[in-house]
Each structure stands twice: as C-alpha cells, then as structure tokens.
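One structure below.
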Amino acid sequence: MVLNRKDLLGIEDLSREEIEGIFEVAESMEEILSRTIKKAPTLRGITIANLFFEPSTRTLNSFVLAEKRLSADSFNLSASSSSILKGETLLDTAKNIQAMEVDIVVIRHSVPGSSFYLAKKLSSSVVNAGDGTHEHPTQALLDLMTIRKRFPDFKDLKVAIIGDIEHSRVARSLILGLNKMGASVTVCGPPTLIPKWINTFGVTVTYDITKALPEKHIIYVLRIQKERQEESLFPSMREYIRYYCLTYNRLKEYASPDILIMHPGPMNRGIEIESKVADSEYSLILDQVRTGVAIRMSILYLLSRKKLK
Ligand code: CP
C-alpha cells in the first residue's frame, strides 16, 4: 500500500515507490482541481490543525486549500496567536490540540527535528511543513512532481541548485529526492554557504556559477536565508549578486536554450534571481505552487485512509 505510515516527516525515509505513489494520487487530485467546482467529499469527518510557528505564504495556504478542496475541517494556529506566547511548550500545545480529536497535525517550526519529536508523542498523524534547516518534504515532492511532468522517468536528468545550501531545508529534501529518482545534482554557491555534509550526498560541488549552468536541464535557485545566519557568511549582498545572481545574460551565455528555472519561494528579486529570469518563459515557479496543492491533497488523503474506512 502506498505511504502506509502514520506521519510524513522527511524525504530521507521515503522509497522511490512511495514517492511515485504520492504522485499517482496527486494526479487524481489535479483532475479534481481542473473541475469547475473544485471540491470532493474525500476527507469529510477528518480534522486537521495547521500549526505554523514560522511565516509562510505558499505552504500554509496550499495546505489550507488542499483541506478545503477535500472537505476536511481545519484550523490554523501561529506562534503569535497561541498560548506559546504565555510560556506553553510545543508538546503541551500539540497535546491540547490532539485532545480536540484532531486527526492530522501539519507543523512548521524553526527547530530541526520538531515534527519528528511530535510524531513520537502524538497518536495523530504529523506532517512536516518545514523543520528549521532540516527537511521540507512536501516542497520536495511538489518540486519532483513539477519536474516529472517534463522528465517522466528522471533519466539522465541534470539539476543545478544555486544559492544558500547551508541553511536550506528545501535543498536537503530536494537533493534526497532527486537522488532517489536517479537524477544527478550539482550544487553551487559561496564556499561558506555550502555545508560539509554535502559530500555525503553524492553531488558535484562548484563555487563558480559559470560552471554550474552548462548542460543542465533545470536550474533551481535558492534564497539567501539571512534570518538563519548568525554571522555574515559573505562580504556583501552586492558581491553575492555579482557572483551568484541568476541573470538573463548569464542564462543566455552559459545555460542550454531549453533550460527550465525553479525556485521554492519566497524570491528576493534582484538578489539570487533577476526578475527577467523569474518571469521568463523558462520559469516553472508558479507551476511549482500550482502542483503544491495537489501534492498536499494527496498526502492528506493517503495519511487519512485508515480513518476513512
Ligand atoms: N516554499 C515555501 O516553503 O514557501 P513559504 O515559506 O511561503 O511556505
């Protein structure tokens, strides 16, 4: 059975078969989303809590939409509107929410491993919507499904990931996913933003964007995560832009003519990516967001199946 698990916590422990199974269900969800009335009763009676203790535009709202499209009951809780501000622990907050007969807890938190911790303590299913710098599995799944629409078997696929790899849960989950699907990955950024653990991930490393761009099918651009840097890890933003910003001119000079561009958002236009690239015919950035709703519908359905019987 596809995704026969209580929780979805990371790409690391998913098999290629499980990932393919999530895509197959997501394709059925895309059919629902293509209808005039984009609603199915699939999750009627299922209750979902979205605990977002870090800001989010895409992930939170696509979970909310996925829940509405499948007729689940759901509510959102943020750090600023919860009793965490009064000193309540994360575990007490989650246990109180579970006591309200919540079936699935979707959590985003700044601490790596926070969703794994809750999954051990709760009988409700837990979905990791981003845990610090560790993993962002639903982002990787929507990225992989976006890629799969153009490269169905991932055969001979070459992807370059450019930017702040060190602080990126998106990069970590995506590299794990691309490795499982058989694609080859190059990472590129300033040496201070390329972590030492990268050597264990079987990727090619370059610090030179002009070497990262040629012969790739996809360039995946990452934001500089200033909020996770305790010290400045490169001399200035101006220097970062000079050496690493994905500009239209660089793309034209070094990348293949049928290159595709991805970015998980939020983008800092003019820093890691030029607007002319983000808004170009090469960009899959909004396709990623669109696919995210179907992926999250798929995951919520697969984790609820036992309760729906
Ligand atoms: N890609 C992503 O996680 O975006 P949000 O932070 O807006 O959810």
Worksheet item: Just for segment 272-309: of the residues that are part of a loop (DSSP other than H, G, I, E, B) and modelled with pLDDT of 95 or more, which one is surrounded by the fewest Cβ atoms within 10 Å (Cβ to Cβ)?
Response: GLU281
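Do we have any residue at all in segment 246-255 that's out of contact with any Pro (no Cβ under 8 Å at 6 or more places or on another chain), small (Gly, Ala, Ser) and either within 16 Å of the ligand (Cβ to nearest atom) or in contact (Cβ under 8 Å) with a residue 12 or more places away in the chain (or both)?
No: segment 246-255 contains no residue that is out of contact with any Pro (no Cβ under 8 Å at 6 or more places or on another chain), small (Gly, Ala, Ser) and either within 16 Å of the ligand (Cβ to nearest atom) or in contact (Cβ under 8 Å) with a residue 12 or more places away in the chain (or both).
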Worksheet item: Is it true that ILE37 is in a loop (DSSP other than H, G, I, E, B), over 17 Å from LYS306 (Cα atoms) and outside the structural domain of LEU300 (by TED's automatic domain parsing)?
Response: no
Practice prompt. Give segment 6-21 a look and list any residue that's under 15 Å from LEU142 (Cα atoms) and of a type in the set (Lys, Arg), or say none.
Written response: ARG16
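Filter segment 21-74 for residues that are acidic (Asp, Glu), touching a residue at least 12 places away in the same chain (Cβ under 8 Å) and more than 16 Å from the ligand (Cβ to nearest atom); which is nearest to GLY182 (Cα to Cα)?
Of the residues in segment 21-74, the ones acidic (Asp, Glu) are 24, 27, 30-31, 54, 67, 73.
In the following step, the residues that additionally are touching a residue at least 12 places away in the same chain (Cβ under 8 Å) were identified as 24, 27, 30, 54, 67, 73.
Keeping just the survivors that are more than 16 Å from the ligand (Cβ to nearest atom) gives 24, 27, 30, 73.
Details: GLU24: 18, GLU27: 21, GLU30: 25, ASP73: 38 Å.
Only one residue tops the list, namely GLU24.
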Worksheet entry | Unmet criterion (only one of (1) free of Cβ contacts under 8 Å to residues at least 12 places away in the same chain; (2) within 20 Å of the chain's Cα centre (by Cα); (3) closer than 23 Å to LEU122 by Cβ) for SER83 | (2)
Worksheet item: Just wondering, is there one or more residues in segment 89-103 that are buried (at least 19 other Cβ atoms within 10 Å of the Cβ) and under 21 Å from HIS167 (Cα atoms)?
Response: no
Worksheet item: With GLY130, GLY177 as the choices, which residue is within 18 Å of GLN288 (Cα to Cα) and assigned by TED's automatic domain parsing to the domain that holds SER62?
Response: GLY130
Worksheet item: Just wondering, is there one or more residues in segment 172-185 that are modelled with pLDDT under 95, under 27 Å from ALA26 (Cβ atoms), assigned to a loop (DSSP other than H, G, I, E, B) and more than 16 Å from the ligand (Cβ to nearest atom)?
Response: no
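The values are calculated or read from the model by the stated rules, or taken from the named source; none is laboratory data. Note that the structure is predicted; figures quoted are calculated from it, not measured. Reconstructed Cβ throughout: ideal geometry from the backbone, glycine too, with neighbour counts over all protein chains shown.
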